[in-house]
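Take a look at the structure set out below.
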């Protein structure tokens with residue numbers, strides 16, 4: 001099994017808004033989809049995706065296709081602080097939906113060391129790239145990638161305007177195959193958060209997603225190079241929030257990773273209301289080494305509603321490179 005690539009979090013957000021009537025002959029206002037992504041870090045320099053289909057499942061009519069033609073290359077690492085709309089004005093009937101899936105036709109991963117890994121059989125690569133390895137993604141181009149949502153599903157009611165925010169977790173999405181320098185594996189991991197009233201940019205007006213913000217202190221602990229010759233710092237620290245009550249459709253607790261800036265400020269964004277236990281990703285894997293962190297956190301649990309929880313502090317107690 002591959003090592004997980006972990007350095008900083010990336011957020012991929014997909015916003016869905018919908019108004020509809022129970023009478024399918026009188027459709028309501030169309031849904032709206034958009035994509036948001038912060039920068040990808042660690043050994044990942046650039047990522048391109050070609051999305052060919054987006055669909056809902058679990059309603060009375062089975063699969064509800066929202067997008068059914070390829071988008072072409074989307075350089076997700078260029079979507080820092082901006083929005084990419086995938087689907088405009090797709091109509092959705094009111095129903096209880098248990099799944100949303102995204103079909104990825106092709107993908108390209110470029111690492112910091114210049115490796116270019118390709119999934120699928122694209123007609124052409126992004127400019128100035130030449131593939132030298134394989135990127136595997138089981139089910140990406142067949143049934144598609146399942147978005148992780150709470151086990152009770154997404155209830156889209158008559159006359160509602162809703163936003164479904166999807167957060168793409170790099171830590172669980174990319175891994176280098178141990179002992180195989182020319183192969184990476186992609187298991188895209190996306191988390192869904194249903195909110196009300198999206199504006200034209202796909203961001204909710206009246207209901208804001210929950211978040212946890214705070215600081216990471218080195219506590220006087222030196223952070224070693226990992227591997228030797230590669231400087232590391234607080235930006236390599238990954239805070240983690242585990243929902244106390246929310247579970248996915250496999251009844252596993254929903255676990256969210258955050259991103260830490262060079263100066264130590266961290267955030268774990270797009271959280272559904274719940275209590276969250278705070279922890280960290282203890283082992284951060286890179287090509288050529290693993291950085292092992294230990295830390296204290298205060299408080300150890302926080303309640304999150306439709307607001308930002310401030311003031312959480314992590315203090316490093318250890319850091320070593322294996």
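The values are calculated or read from the model by the stated rules, or taken from the named source; none is laboratory data. The structure displayed is predicted, hence computed values, not measured ones. Here Cβ is always computed from backbone atoms with ideal geometry, including for glycine, and neighbour counts include all displayed protein chains.
Annotations for the structure displayed:
- Residue match in the stretch 264-279 (condition: more than 22 Å from residue 253 (Cα to Cα), without any contact (Cβ under 8 Å) to a residue 60 or more places away in the chain and not in a strand (DSSP E or B)): yes
- Residue within the stretch 177-199 that is touching a helix residue (DSSP H, G or I) at 6+ places or on another chain (Cβ under 9 Å), at pLDDT below 80 and not in a strand (DSSP E or B) present: yes
- Number of positions in the stretch 126-140 that are surrounded by 12 or more Cβ atoms within 10 Å (Cβ to Cβ) and touching a residue at least 12 places away in the same chain (Cβ under 8 Å): 10
- Scanning the stretch 250-263 for residues that are touching a strand residue (DSSP E or B) at 6+ places or on another chain (Cβ under 8 Å), assigned to a loop (DSSP other than H, G, I, E, B) and farther than 28 Å from residue 113 by Cβ gives no hits.
- Failed item in (1) modelled with pLDDT of 90 or more; (2) part of a strand (DSSP E or B); (3) under 30 Å from residue 184 (Cβ atoms), with residue 244 passing the rest: (3)
- Odd one out for residue 234 among (1) in contact with a strand residue (DSSP E or B) (Cβ under 7 Å, 6 or more places away or on another chain); (2) under 20 Å from residue 193 (Cα atoms): (2)
- Any hit, the stretch 306-319, residues being in contact (Cβ under 8 Å) with a residue 12 or more places away in the chain, surrounded by fewer than 19 Cβ atoms within 10 Å (Cβ to Cβ), assigned by TED's automatic domain parsing to the domain that holds residue 231 and in a loop (DSSP other than H, G, I, E, B): yes
- Only listed residue being buried (at least 20 other Cβ atoms within 10 Å of the Cβ), closer than 28 Å to residue 101 by Cβ and at pLDDT 80 or above, chosen from 148, 156: 148
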